[in-house]
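Asks: One structure, as structure tokens, below. Some questions next.
The values are calculated or read from the model by the stated rules, or taken from the named source; none is laboratory data. Quantities reported herein were computed from a predicted structural model and do not represent experimental measurements. Here the Cβ is made from the backbone with ideal geometry for all residues, glycine too, and neighbour counts use every protein chain on show.
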Amino acid sequence: MKIAIVGSGAMGSLTGGLLKEIGEDVYLYDVFREHMEKIRQKGLIIEGIGGERTIAINATTNIEDIGAADLIILFVKSYHTKEAAETAKRIAGTDTSVLTLQNGIGNVEILEDLYGREKVLAGTTDAAATVVEPGRVRHTAFGNVYIGGLTGKITPKVKEIVALFKKAGFNAYPSENPMGMIWTKLVLNLAINPLGTILRSRCEKLIDNEYSKALMKDIVEEAMRVVEKKGIVLIHSDMVQAAYELAEKNANSFNSMAQDFFKRKKTEIDHISGAIVKEGEKLGIDTPVNRTMTHIIKALETTH
């Protein structure tokens, strides 16, 4: 299968590299020229889980170099989704599927408008990676991958893509509830990302004291009032416990928002905590804890 990874930072590079390792025809695309050039010249270096190795893989800053792809996987930050999806349309053919494995909400709707409902697949992953330096990523957690079509049907295409992810080493599953998956990931991100960024801490520090655990609980329970009002069914019955377990699983990792913050990049706070605040406003549900998290992150972004 010819696969184009659009947004080849930490998770995009890792996913593309692992799919290339099992023999797929993979192209990495990103606007980070130095990263793409290092990979193009010397290969992608993956360290961490599985040991260090160098993977020869196509890498480009020009989407036209890829040609028509069978599968486009979006890993860009949510605030770049529309621009990246419009760029990726140049390599979309009649039978191309487009899969989002991004954080936040709203990405699916953008892709649906651009590509049509039948072409879009919604997915989530809680695997973890970080860019060590241009051309090198560190794999810190495998995690789960859930993939489903917007109709809720587990199609042959969904099964094929899930099988590829399984072969690449991910704990991959098809899902009949793609929006439930996305909202599940949103709630988990709400619990971990802003708090870990504010505390400048790895995930393990969020669950090693009663105060940060209490904050996580408040964040999740407040968000769940919005989720329940919307009638969305999540993957986990106890989302507070799920958040604690995810933090434990990624104990030695900085979350993706913290990584962006440390690199002085714009965070996805508006598409995570800010998103639940906006959804709450639509429903008449106040979300003061998540609003405070949003304001603190945005204040930090403007002062650091």
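Asks: What number of residues within the stretch 29-54 are among the aromatic types (F, W, Y) and in contact (Cβ under 8 Å) with a residue 60 or more places away in the chain?
Replies: Final tally of qualifying residues: 1.
Asks: While we're on this one: Out of the stretch 157-183, which residues are at pLDDT 95 or above and under 18 Å from G116 (Cβ atoms)?
Replies: K157, V158, I161
Asks: Do we find that E64 is surrounded by fewer than 23 Cβ atoms within 10 Å (Cβ to Cβ) and within 21 Å of V131 (Cβ to Cβ) in this structure?
Replies: It is false that E64 is surrounded by fewer than 23 Cβ atoms within 10 Å (Cβ to Cβ) and within 21 Å of V131 (Cβ to Cβ).
Asks: Inside the stretch 253-304, can you point out the residues that are hydroxyl-bearing (S, T, Y) and over 24 Å from K213 (Cβ atoms)?
Replies: T302, T303
Asks: Looking only at the stretch 79-109, which residues are in contact with a strand residue (DSSP E or B) (Cβ under 8 Å, 6 or more places away or on another chain) and either on the phi > 0 side of the Ramachandran plot or charged (D, E, K, R) (or both)?
Replies: Residue satisfying the conditions is D95 alone.
Asks: Sticking with this one: What are the residue pairs meeting all of these: first residue in the stretch 139-153, first residue within 17 Å of K166 (Cβ to Cβ), second residue β-branched (V, I, T), Cβ atoms under 6 Å, and 6 or more apart or on different chains?
Replies: Going by the 6 Å Cβ cut-off, the qualifying pairs are H139/I46; H139/I49; G143/T125; V145/T125; Y146/T124; I147/V158; I147/I161; I147/V162.
Quick grid of which residues meet (1) in contact (Cβ under 8 Å) with a residue 12 or more places away in the chain; (2) small (G, A, S); (3) in a loop (DSSP other than H, G, I, E, B); (4) under 18 Å from G104 (Cβ atoms):
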{"residue": "E245", "(1), (2), (3), (4)": "no, no, no, no"}
{"residue": "S253", "(1), (2), (3), (4)": "yes, yes, yes, no"}
{"residue": "K278", "(1), (2), (3), (4)": "no, no, no, yes"}
{"residue": "R291", "(1), (2), (3), (4)": "yes, no, no, yes"}
{"residue": "I297", "(1), (2), (3), (4)": "yes, no, no, yes"}
{"residue": "L300", "(1), (2), (3), (4)": "yes, no, no, no"}
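Asks: Just checking, does the stretch 232-242 include any residue being of a type in the set (D, E, K, R) and either assigned by TED's automatic domain parsing to the domain that holds L101 or within 28 Å of I110 (Cβ to Cβ) (or both)?
Replies: no
Asks: Pairs, please: C-beta under 8 Å, at least 6 apart or cross-chain, first residue outside the structural domain of A141 (by TED's automatic domain parsing) and over 20 Å from G274 (Cβ atoms) and in the stretch 194-208, second of a type in the set (D, E) and surrounded by 15 or more Cβ atoms within 10 Å (Cβ to Cβ)?
Replies: Once the first residue is outside the structural domain of A141 (by TED's automatic domain parsing) and over 20 Å from G274 (Cβ atoms) and sits in the stretch 194-208, no partner that is of a type in the set (D, E) and surrounded by 15 or more Cβ atoms within 10 Å (Cβ to Cβ) comes close enough.
Asks: Just give me the residues in the stretch 236-272 being farther than 25 Å from H139 by Cα and among the hydrophobic types (A, V, I, L, M, F, W, C), in sequence order.
Replies: Once the filter is applied, which keeps residues that are farther than 25 Å from H139 by Cα and among the hydrophobic types (A, V, I, L, M, F, W, C), the stretch 236-272 yields M239, V240.
Asks: If the requirement is being crowded, with 19+ Cβ neighbours inside 10 Å and assigned by TED's automatic domain parsing to the domain that holds M36, which of these qualifies: V132, V162?
Replies: V162
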